[in-house]
Amino acid sequence: MVASSSIEVASDFGRPFNYAYKHGVFLLVACLAGTAAFLIPTRWWYTYATAFLLLSIVLLAIILIPGVGHTVKGATRWLNLGFFNLQPSEIAKFTMMLYLAAYLVRRLEEVRAKFIGFVKPMVVVGLISALLLLEPDFGTLMILSCAVMGVLLLAGSPLTQYMMIAGALILGLVTLAIIEPYRFERIETFSIHGKTALVRGTSSLKRCWHLVAAVCLAWALATRSKNSFISRKLTPILSLPFWLKSSGLWAPWRPLA
């Protein structure tokens, strides 16, 4: 599909299958990375979740240094590594869900019983959100915020405090969307039908898949420490969207519990 859709454009550069070759290389790397992630014990991810989150925050800060980040059409979101551009916000999506899963394993009762337990991960989200807005990357900010709120809801957060934070979050996102018209147009792609939606909403649809994968993975990891029958049965199902997203192909999977 990639080859047939890009062969005419790539022919202008004298390499008809240029994009197909690149896509194949990235797909191979993704398969290897997904397999490696599958083989690593869950306990290892749990142990280093905070370290990975701190690393992603550092990367988000580094790209904002003048002359370091790679800017395209006014947005500074990438690190130019020569052979490819690294987008730290994509890493932050994964590490934030990993950290949140580990946090829920340690502090689940606190999240369910105390307001401070609910607020702590939101402070981390606030820090990452500030860095994303400086890029700017409103799409990632919206998806990451919704993913975190989704996991906290599944974790059993008290409904009253959840609605308070969710209301404030929605109000903030709407305000940010109104301030910059292009952000509101991105949101509109979810409700536009027909060919226009297919063209303009491709990125939004991908981000929806990111959201589903992130929420499922985080909840699967968060339930890993429980020994109930339901947990053991649901964990591999919940983690499946993440592995499919990581590898791009079907990959073997097993219970994380």
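In what order do Arg43, Arg77, Arg107 fall by count of nearby beta-carbon atoms within 10 Å, going from fewest to most?
Arg43, Arg107, Arg77
How many Å³ per residue does the convex hull of the Cα positions in the stretch 111-171 occupy?
65
Which FRET efficiency value, to the nearest 0.05, is calculated for Thr47 and Thr71 with the Förster distance at 41 angstrom and r the Cβ-Cβ distance?
Working: r = 36 Å, r/R0 = 0.88.
That pair, Thr47 with Thr71, gives E of 0.70.
Let's test the formula: R0 of 22 Å, r as the Cβ-Cβ distance of Asn18 and Glu90. What FRET efficiency results, to the nearest 0.05?
E between Asn18 and Glu90, to the nearest 0.05, is 0.45.
Between Leu81 and Ile178, what is the label-point separation in nm under the 7 Å Cα-to-beta-carbon projection?
Roughly 4.1 nm, to one decimal.
Net charge near Gln87: determine it from the other residues with C-beta under 11 Å of the C-beta of Gln87, scoring Lys and Arg +1 and Asp and Glu -1.
Details: positive: Arg77, Lys93; negative: Glu90, Glu135, Asp137.
Net charge around Gln87: -1.
Report the calculated FRET efficiency for Val105 and Val9 (r = Cβ-Cβ distance, R0 = 30 Å), to the nearest 0.05.
0.05
Amide H to amide H under 5 Å from His70: which residues, 5+ apart in sequence or cross-chain, H placed 1.01 Å off N in plane?
Here Arg77, Trp78, Leu79, Asn80 satisfy the definition.
Counting other beta carbons within 10 Å of each residue's own, what order do Met142, Met163 fall into, fewest first?
Lowest to highest Cβ neighbour count: Met163, Met142.
Using only the alpha-carbon atoms of the stretch 56-125 as identical scatterers, what base-10 log of I(q)/I(0) does the Debye formula give at q = 0.15 Å⁻¹?
Here log10 of I(q) over I(0) equals -0.60.
Need one word for the stretch 1-85: rounded, prolate or oblate. Basis is the Cα gyration tensor (sqrt eigenvalues a ≥ b ≥ c); a/c below 1.5 gives rounded, then a/b vs b/c decides. Walk me through the numbers on the way to the answer.
On the way: a/c = 3.85, a/b = 1.36, b/c = 2.82.
Oblate, since a/c reaches 1.5 and b/c is not below a/b.
Every number in this text was worked out from the coordinates using simple rules, so none of it is lab data. Keep in mind that this is a model prediction, so the values were computed, not measured. Because the Cβ atoms are built from the backbone with ideal geometry, glycine has one as well, and the counts that use them run over all protein chains shown.
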